[in-house]
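Trainee: Have a look at this one before I ask anything.
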Amino acid sequence: MFYQIRYQTGEIEDMVAEMKKGNIPCMDVDNMDEFNWVVKKLEEYNIYLAKNIPFDKNARDRVKEPEFEFRAAFSSSKDSEDNLMYIDFYFEPYVEKDYDPIFGD
């Protein structure tokens, strides 16, 4: 069975270490606000979002991993697309409201 660590927002240092090894770490975030917080936090480690490279929503099999949102590219230089590093972001699944409470469960 395939096992991969999904980092949490408090594990930025560990994730940066993985990126610098050439790996593509995975990170759980709740939404785009938390994603933007992570981007700002990575800037403290001189890792910048590559703004000209679109998010890759097809980097993983979304049928097998429905919570996968996109792969984002980062660079060690601001406003550069050299020495790219990547992070796969997973968003918390959206829980659809259903009608169970209406029927008195």
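The values are calculated or read from the model by the stated rules, or taken from the named source; none is laboratory data. Everything numeric here is computed off the predicted structure, so don't read it as measured data. Virtual Cβ from ideal backbone geometry, glycine too; neighbours counted across all protein chains shown. Surface areas here come from the heavy atoms of the whole protein model, side chains and all, with no ligands, DNA or RNA. Shrake-Rupley method; radii C 1.70, N 1.55, O 1.52, S 1.80 Å.
Trainee: Setting aside same-chain residues fewer than 8 positions from Lys78, which lysines have a Cα under 19 Å from its Cα?
Mentor: Within the straight-line limit of under 19 Å, Lys78 reaches these lysines: Lys20, Lys40, Lys41, Lys51.
Trainee: To continue, here is another question. Could you name the aspartates and glutamates in cross-link range of Lys57, using Cα to Cα under 16 Å and dropping any fewer than eight places away on the same chain?
Mentor: Asp28, Glu65, Glu67, Glu69, Asp88, Glu92
Trainee: Counting only heavy atoms of the protein chains, get the accessible area per residue of the chain (1.4 Å probe) and round it to a whole Å² value. Please list the in-between numbers first.
Mentor: Numbers: 7470 Å² over 105 residues.
Heavy-atom accessible area per residue stands at 71 Å².
Trainee: OK, next. Applying 1/(1 + (r/R0)^6) with R0 = 30 Å to the Cβ-Cβ distance of Lys40 and Val63, what FRET efficiency is obtained, to the nearest 0.05?
Mentor: Details: r = 32 Å, r/R0 = 1.07.
My answer for the efficiency is 0.40.
Trainee: Would you list, by chain and number, the lysines whose Cα falls below 19 Å from the Cα of Lys64, excluding same-chain residues fewer than 8 positions away?
Mentor: none
Trainee: With all pairs of different alpha carbon atoms counted, what Kirkwood hydrodynamic radius in Å does the chain show? Kindly include the intermediate steps, with their values, before the conclusion.
Mentor: Working: mean 1/r = 0.0669 Å⁻¹.
The Cα-based Kirkwood calculation yields 14.9 Å.
Trainee: Using only helices, what value at 222 nm comes out for the chain when you add -39,500 (n - 2.57) per DSSP H run of length 4 or more and divide by the total residues, to the nearest 500 deg cm²/dmol? List each step's numbers first, then the result.
Mentor: Working: 2 runs with 21 residues, N = 105.
Calculated mean residue ellipticity at 222 nm is -6000 deg cm²/dmol.
Trainee: Next question. Which net charge results when you count Lys and Arg as +1 and Asp and Glu as -1 among the other residues whose beta-carbon is under 15 Å from that of Asp79? Don't skip to the end; give the middle numbers.
Mentor: On the way: positive: Lys51, Lys78; negative: Glu43, Glu81, Asp82.
Taking every other residue near Asp79 into account, the sum is -1.
Trainee: Related question: What is the percent carbon and sulfur in the accessible area of the range 6-91, measuring with a 1.4 Å probe over the protein chains and ignoring ligands? Display every interim value, and only then the final one.
Mentor: Numbers: 2110 of 4980 Å².
Result for the range 6-91: 42 percent of the exposed heavy-atom area is carbon or sulfur.
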